[in-house]
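The values are calculated or read from the model by the stated rules, or taken from the named source; none is laboratory data. Predicted model, so just to flag it, every value in this text is computed and none were measured. Positions of Cβ are generated from backbone atoms using ideal geometry, with glycine treated the same way; all protein chains shown enter the neighbour counts.
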Amino acid sequence: MKNQNLFSALRAAFPADLSATAVETEDGLHYSWSDLDRATAMMANLLQSLGLPDGSRVAVQVEKSVEALMLYLATLRAGYVFLPLNTAYQSAEIAYFLGNAEPAVVVCSGANFGWVSKIAFQQGTQHVFTLNDNRTGSLLDRAAHHSDQHEAAPRQADDLAAILYTSGTTGRSKGAMLTHDNLLSNARTLKDYWGWKKGDVLIHALPIFHVHGLFVAIHGALINGSKMLWMAKFDPKRAIGFMNQATVFMGVPTLYVRMLAEPGLSKAAVNKMRLFIAGSAPLLIETFNDWQERTGHTILERYGMSETAMLTSNPYAPDKRYANQSERRGGTVGFPLPGVLLRVVGDDGQNLAVGEIGGIQVKGPNVFKAYWRMPEKTAEEFTADGYFKTGDVGKVDERSYVTIVGRSKDLIISGGYNVYPAEIEGYINEMKGVAESAVVGVPHPDFGEVGVAVVIAKPNASVQPEAVLADLKAKLANFKVPKRCYVVTELPRNTMGKIQKNLLRDQHKALFTS
């Protein structure tokens, strides 16, 4: 039977010339395809020498490096389950993840070894290694003694490849179990849909503990045999400088905003680029338009999540499946990818008509297997006919473009009426002097919930809270207008640039109930 290990498929796509550069770092280090092959073999042999039980988890909390990428590939190659952890997590969070996932191996940065190893050993982990972003650490020291030849462990399509913990903005973080086929089917679909071609070069500027940077970007380059220009940390000026030797860039909206602030961004600077992709957080229409004007390129926005990898995308080229679906439309996330079924349903579970707002449900080969050790939660999140309830609220228009309106948990029910924060934010963001906004619901004694708007002004602009609310009252039904508005210098964000609305809700929850 054919080995369906994801690593085997990625390895099969390596170019014939293994001496060519696979990854080039900002410091001028060149890693060849042969280096990737040999180093991952040595790490895989090290892992297998530990005598780990089948299905063992390898938990990794390290700074971004090419060696960390190799460790991910080596874990797949050895047939174990990769568990990436955000580098911002502190002791209480790490204790929860290690206690919940019970990894056999933990890899952390040397600087954190003291406290991480203590937690790991308390939770029953047998092996703790270090890996630093300067090519040092006990993992590399130990791997150096192993053979650089390794046959990928046989795996079935439905075997577990990775566990990704959701951000846990409500309740405990859940571990989404992703199989070899979930990840491989998505990588192959995106290779075709985004027009990857021979000679493409990817600027890798994202963290690698998240779907976007770890799966979408890395798998995209590897399954196309494409070189990566590797940025350990994003620097807008340096990223623009890389564009004269690259063709593809993937980023969260914040990265595009930061590049737009650079005077060096111009049509000439990006004339070799083929494709700019944005995701992980909503892209403001202003950013979409500004980028188009400055560079001549139209950003391709797409939609995915930890449980599903990518679900929808604006088209790279005209979509042959439908008429009138050739352009990348700002404010939308495009169409369901080939093989993905998507529907919008009402509170009663019935399919909604075109243009109506409701809960988004999806089905496809990319949709995760289950939540780790949470059978009740898994059952709750899937419908009887096998659709996953994403928790996102959106609509599909007459041309089949999907628009995300917000998260269902962000929905505000004020006086019995549904208020969608994204709609209000859209109006606020168009106001003069406003850079960005977030609207959250807080408890209210009369209405149950009301909206609170938190606004950031553009540099050197003055925005008055009363003026924002007055403007909204002239445009929207009264029940939609937030009861308070605050102008602040920054909004709380996670490492992927998403606004942490749970923190804003906590901050303002006693406004009307004290």
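Which of the residues belonging to region 330-356 are crowded, with 18+ Cβ neighbours inside 10 Å and among the hydrophobic types (A, V, I, L, M, F, W, C)?
Result: 333, 335, 337, 340, 342, 344.
Inspect region 12-24 for any residue being part of a loop (DSSP other than H, G, I, E, B), surrounded by 14 or more Cβ atoms within 10 Å (Cβ to Cβ) and among the acidic types (Asp, Glu) and give the result as yes or no.
No, region 12-24 has no match at all.
Could you look through region 158-186, keep only residues that are touching a residue at least 40 places away in the same chain (Cβ under 8 Å) and among the small types (Gly, Ala, Ser), and pick out the one that is farthest from residue 90 (Cα to Cα)?
Looking at residues that are touching a residue at least 40 places away in the same chain (Cβ under 8 Å) and among the small types (Gly, Ala, Ser), I get 185.
List the residue pairs whose Cβ atoms are under 7 Å apart, where the first residue sits in region 445-466 and is under 10 Å from residue 433 (Cα atoms), the second is exposed (fewer than 15 other Cβ atoms within 10 Å of the Cβ) and of a type in the set (A, V, I, L, M, F, W, C), and the two are 6 or more positions apart or on different chains.
456/488
Would you point out which residue out of 141, 158 is surrounded by fewer than 17 Cβ atoms within 10 Å (Cβ to Cβ) and in contact with a strand residue (DSSP E or B) (Cβ under 6 Å, 6 or more places away or on another chain)?
Matching residue, one of 141, 158: 158.
How many residues does region 323-342 contain that are over 18 Å from residue 301 (Cβ atoms), touching a strand residue (DSSP E or B) at 6+ places or on another chain (Cβ under 9 Å) and modelled with pLDDT under 95?
Adding up the residues that qualify gives 0.
Being under 30 Å from residue 264 (Cβ atoms) and outside any loop (DSSP other than H, G, I, E, B): is that true of residue 327 here?
So residue 327 fails the test.
Counting only residues that are out of contact with any strand residue (DSSP E or B) (no Cβ under 6 Å at 6 or more places or on another chain) and among the basic types (Lys, Arg), which one in region 207-251 is surrounded by the fewest Cβ atoms within 10 Å (Cβ to Cβ)?
233
Please name all residue pairs, on different chains or six or more residues apart, with Cβ atoms under 9 Å, provided the first residue is in region 472-499 and is in the same structural domain as residue 457 (by TED's automatic domain parsing) and among the acidic types (Asp, Glu) and the second residue is modelled with pLDDT under 85 and not in a loop (DSSP other than H, G, I, E, B).
Within 9 Å, no pair qualifies.
Evaluate region 202-219: report whether one residue or more is assigned to a helix (DSSP H, G or I), farther than 17 Å from residue 64 by Cα and at pLDDT 95 or above.
No: zero hits.
Being modelled with pLDDT of 95 or more and within 27 Å of residue 376 (Cα to Cα) narrows it down to one of 187, 157, so name that one.
157
Could you run through region 238-269 and say how many residues are within 29 Å of residue 499 (Cα to Cα) and out of contact with any Asp or Glu (no Cβ under 8 Å at 6 or more places or on another chain)?
Looking only at that region, the number is 21.
Can residue 293 be described as free of Cβ contacts under 8 Å to residues at least 40 places away in the same chain and buried (at least 18 other Cβ atoms within 10 Å of the Cβ)?
When the stated conditions are applied, residue 293 does not pass them.
Got a sec? Which of 237, 227 is basic (Lys, Arg) and under 10 Å from residue 203 (Cα atoms)?
227
Applying the selection to region 82-138, what residues are within 23 Å of residue 495 (Cα to Cα) and part of a strand (DSSP E or B)?
82, 83, 84, 106, 107, 108, 130
Which residues, counting only those in region 479-504, are within 30 Å of residue 233 (Cβ to Cβ) and part of a helix (DSSP H, G or I)?
501, 502, 503, 504
So, of the residues in region 161-184 that are in a loop (DSSP other than H, G, I, E, B) and surrounded by fewer than 23 Cβ atoms within 10 Å (Cβ to Cβ), which turns out to be modelled with the lowest pLDDT?
Residue satisfying both the conditions and the ranking: 169.
Within the group 438, 353, which residue is of a type outside the set (Phe, Trp, Tyr), in contact with a strand residue (DSSP E or B) (Cβ under 6 Å, 6 or more places away or on another chain) and more than 30 Å from residue 98 (Cβ to Cβ)?
That would be 438, the only listed residue that is of a type outside the set (Phe, Trp, Tyr), in contact with a strand residue (DSSP E or B) (Cβ under 6 Å, 6 or more places away or on another chain) and more than 30 Å from residue 98 (Cβ to Cβ).
For region 256-267, how many residues are surrounded by fewer than 20 Cβ atoms within 10 Å (Cβ to Cβ) and in contact with a helix residue (DSSP H, G or I) (Cβ under 9 Å, 6 or more places away or on another chain)?
Total satisfying the criteria: 7.
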